[in-house]
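Some notes on the structure that comes next.
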Amino acid sequence: AVRAAPGGRNGAAAAAATIAAVGAVCARWAFVFPRGPVPRAAHVTRARGGAVESRTEVTAAYGPPNPRRTLEDEQQIFERKFKGFKAPASPDELYTERDVKVDDVRDFNAIMKLQNPMQPTEELQLIAITTHDGIRTEWPQLSDLKGLKISDRTPVMFSWRDRQRVQTKAPKEYDDIIQRLLNSGPEEMQDLVRSNWQQFDQGFFFRLTELKEDTRDERLIQKIEGLERLALNVVNAAKQQSDQAMPEQSKEVQEIFNTFMTEDDQGTMLWPPKPETMRKMSEKVEQFAVRHKYTDVWYETMVELVERFAKKMQARQDQQMLGMGQSVMQRLITSWLRHDELWEETSEGKFLSKLMTLSHEQWPQALQVHQEPLEVSKLKDELKIIMETKVIKLPVSSQLQVYASKYLQGLVDFVEAKDRIVTQAGTDGPVAQQVG
């Protein structure tokens, strides 16, 4: 929910932040309004004393449209937007559905001021509203919204369908990081801002504007404005650095991908790749990582570029190219995780570091040929330590953090199944081929 920022004390920075939030979340569409009522069928579900009553009501709808869309409709929208790409069959790959609780009449009034409250943007559509007493109206129209009475005692759940690839959090979800920043000293605040800069999107600045509106404490307002200026400076500096590095790192990604191509014909890729190909790819990743001194920023940019490529290949249903992207992504994650002295301190750490040089399909083979005894609890402790000392320190919105967490969870699942894997496979399994 977005409401306009007042002028005055908030200044130009606050107004700009709010305009950015409104522009990103609720950009206006040009709609043709019907001259009179248009009959429509609304599906209404009402909860009464534990029982559920469902019926279809035919009413007159005024104002902008909110058409019901099936999976086929969503696939057509995808293919119009991404020409040349086939739409995924799964709804989860087309859109995200999320519920937003609205209990502040100011937020509701801001929604109603939009040209089309049910479809603020091409990517965002209201698919249902549920009142506090359990009445759910699917594909609501403007007349349904106008009949709502919203307060903290009578909240309404707005169910949205969002086709955007990247979504900001709800404004109040930024309160934890904002509170930490405001309670810190000047030097600590600067460190926190630099380490969490990827959280500072339109929703973050919009929440700062809201907090300034809701307080009369001049000292707190000044502190929020100082945080706002510092965050904007850090974000702008990070953006400039990223823009400068992007062309170079795009070439590096291309060089890594080229290791999968045959030497005779760079346009031909052999699939599945040979161990020698995987070794070349791993060496190329390490070469660039050393050149950039294993910085988190480099890994973050590389992960974003490879993820973008993999999603395009998934949309095209090109399984070989998708597999190549996934292999490079895994090698980037393991390269970043292995760059830590922790792995050399214990035999369990050395074993886990060895696993990271292999593909996950080779883990059972590596377990079979390992000679030293391994304790599950100690293996899990090693993974917990690396999670707490390395992964969690990344910004919350970091894609590197997301993929590293998934990878470590895969290791945890493997470690927990260690004894069962050894029992099932026996002790005469094939020797693992090292690829890193």
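The values are calculated or read from the model by the stated rules, or taken from the named source; none is laboratory data. Keep in mind that this is a model prediction, so the values were computed, not measured. Every residue, glycine as well, gets a Cβ built from its backbone with ideal geometry; the counts of neighbours run over all protein chains shown. Each accessible area value is taken on the protein alone, full model and side chains, heavy atoms only, with ligands, DNA and RNA left out. Shrake-Rupley method; radii C 1.70, N 1.55, O 1.52, S 1.80 Å.
Backbone amide hydrogens, once placed in the peptide plane, bring Ile127 within less than 5 Å of Ser159, Trp160, Arg161, excluding anything fewer than 5 places away on its chain. With a Förster radius of 56 Å, plug the Cβ-Cβ distance of Asn183 and Lys274 into 1/(1 + (r/R0)^6) and report the FRET value to the nearest 0.05. The formula returns an efficiency of 0.50 here.
With the simple spin-label model, which puts each label point 7 Å out from Cα in the Cβ direction, the Ile385 to Asn258 separation comes to 4.1 nm.
Note on Gln326 and Leu94: the model spin-label points, each 7 Å out from Cα along the C-beta direction, lie 2.3 nm apart.
Let's test the formula: R0 of 30 Å, r as the Cβ-Cβ distance of Lys251 and Arg316. What FRET efficiency results, to the nearest 0.05? Show your work: numbers first, answer last.
Working: r = 23 Å, r/R0 = 0.75.
The pair Lys251/Arg316 has a calculated efficiency of 0.85.
Of all lysines in the structure, those lying under 17 Å Cα to Cα from Lys212, and not within fewer than 8 positions of it along the same chain, are Lys172, Lys223. Listed by chain and number, the aspartates and glutamates whose C-alpha is less than 13 Å from the C-alpha of Lys81, apart from same-chain residues fewer than 8 away, are Asp73, Glu122, Glu123. Note on Phe200: accessible area approximately 10 square angstrom, rounded to 10, probe 1.4 Å, nucleic acids and ligands left out.
Which FRET efficiency value, to the nearest 0.05, do you get for Arg69 and Glu372 by plugging their Cβ-Cβ distance into 1/(1 + (r/R0)^6) with R0 = 45 Å? Walk me through the intermediate numbers first.
Details: r = 58 Å, r/R0 = 1.28.
Rounded to the nearest 0.05, the efficiency is 0.20.
Computed from label points 7 Å out along Cα-Cβ, the spacing between Thr423 and Val402 is 3.8 nm.
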